[in-house]
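Coordinate-derived values only; no laboratory data. Since this is a predicted model, take the numbers as computed values, not measurements. With ideal geometry, Cβ positions are generated from the backbone for all residues, glycine too; neighbour counts draw on all protein chains shown.
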Amino acid sequence: MESLRVELGDRTYPIHIGAGIIGERALYNADGAVAIITNAVVAPFYLARVRQALPGATEIIVEDGEQAKGWKTLDRVFEALLAAKLGRDGVIVALGGGVVGDLAGFAAATYQRGVGFIQVPTTLLAQVDSSVGGKTAINHPRGKNMIGAFHQPLAVISDVATLDTLPDRELRAGLAEVIKHGVALDAPFVDWLEAHIEKLLARDRAALVYAVRRSCELKAAIVAQDERETGVRAHLNFGHTFGHAIETATGFGPWLHGEAVAAGMVMASELSVRTGLLGAADARRVRSLIARAGLPVQGPSLAREQWHELMALDKKAAGGKVRFVLLEGIGRATLKSGVQGDLVDEAIAAAAQ
């Protein structure tokens, strides 16, 4: 097992990464009452092992899929927590992928004005991205993750052995966030990914551990600098302005989050070229790596007005203007406002070619 820390003063917490660690009681920083939130897909595989580590925990099983990140499911979670009489000293454990982590985290942030929670991510996407950093949220029909809170976990327990049961499509979706970390923040990591993408697709254990650890190192460093996304943390949203628009337009389900981000990264790379920040060869390199990971390099067919309306809801917008995370080079993201609309249209069109 390997461990690293997200340095946030008195809210510093560990990230544990290894294989077969999901049932290790010592890793769970939970001395009081516990509620485990998971979904109907993950529960048959891993709930029993977590139950052994946390005997007597209340178990709350929600539906699978992005549609679970809504008020209806959240209210059912609150009902179960109240019925179990979970107090303010209780701890919520999120066992599952990004949807479960976001939902459980937001429940923890708001139940009785905030209780502790632990992330136990079981998808690659959650292990490398959504479980780290304290972003929690539910969706609204008008936009992705529009209702949420910052609420840091007590610990993250990333067991790469859980990726053995992950469907291939979900694994590829997780690779989108791995690629994002490299392309936005770390050029040498992109070199490594280009050399090891086939091993990651084949679920090579050592390659997966390294990809998870490096992604978490990169994200932890950014979160320590900018916990509430007022500056550099926005760089972690490379590809997400376009990606969230895709998810919202298609109804939170047909496109997995990582798939939408993958297409969004291609669009953002093309926009970087058109604003004069990035060379065309680097944009082709980004597109090639995404394609090699088996991810989409073009988005759905949407009307121009719909693209712009949905992107205007992006949480990075300021002063009524959309701000895009673009590339000045591989591994060098930047935040840019005032991008001309026709350049955005060209980038979207280029990503569809």
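Here is how the numbers come out for the structure above:
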| read-out | value |
| --- | --- |
| Centroid-to-centroid separation of region 209-246 and region 1-23 [C-alpha atoms, Å] | 17 |
| Which of Ala262, Leu313, Ile197, positive extreme of dipole for region 168-351 (C-beta unit charges) | Ile197 |
| Chymotrypsin sites (Phe, Trp or Tyr not before Pro) restricted to DSSP loop in region 198-307 with at most 11 other C-beta within 10 Å | none |
| Span-rule helices in the chain, defined as complete DSSP H runs reaching 15 Å or more along the axis (Cα) with Kyte mean at least 0.0 | 43-53, 71-83, 98-110, 168-185, 187-201, 205-225, 257-274, 341-351 |
| Translational D in µm²/s for region 168-351 (Stokes-Einstein at 37 °C, 0.692 mPa s, Kirkwood Rh from C-alpha pairs) | 202 |
| Positive-end extreme of charge dipole, the chain - chosen from Ala33, Val100, Ala207 (charges on Cβ) | Ala33 |
| Proximal lysines relative to Lys199, as straight alpha-carbon distance under 28 Å, when same-chain residues fewer than 8 apart are discounted | Lys180, Lys219 |
| Local electrostatic count at Arg203 - Lys and Arg +1, Asp and Glu -1, tallied over other residues with Cβ under 10 Å | -1 |
| Antiparallel bridge percentage (DSSP; both residues within the chain; nearest 5) | 45 |
| The chain, relative contact order in percent, only Cα pairs under 8 angstrom and at least six apart counted | 15 |
| Size of electric dipole in region 35-183: Cβ of Lys, Arg +1 and of Asp, Glu -1, about Cα centre, debye, nearest 20 | 380 |
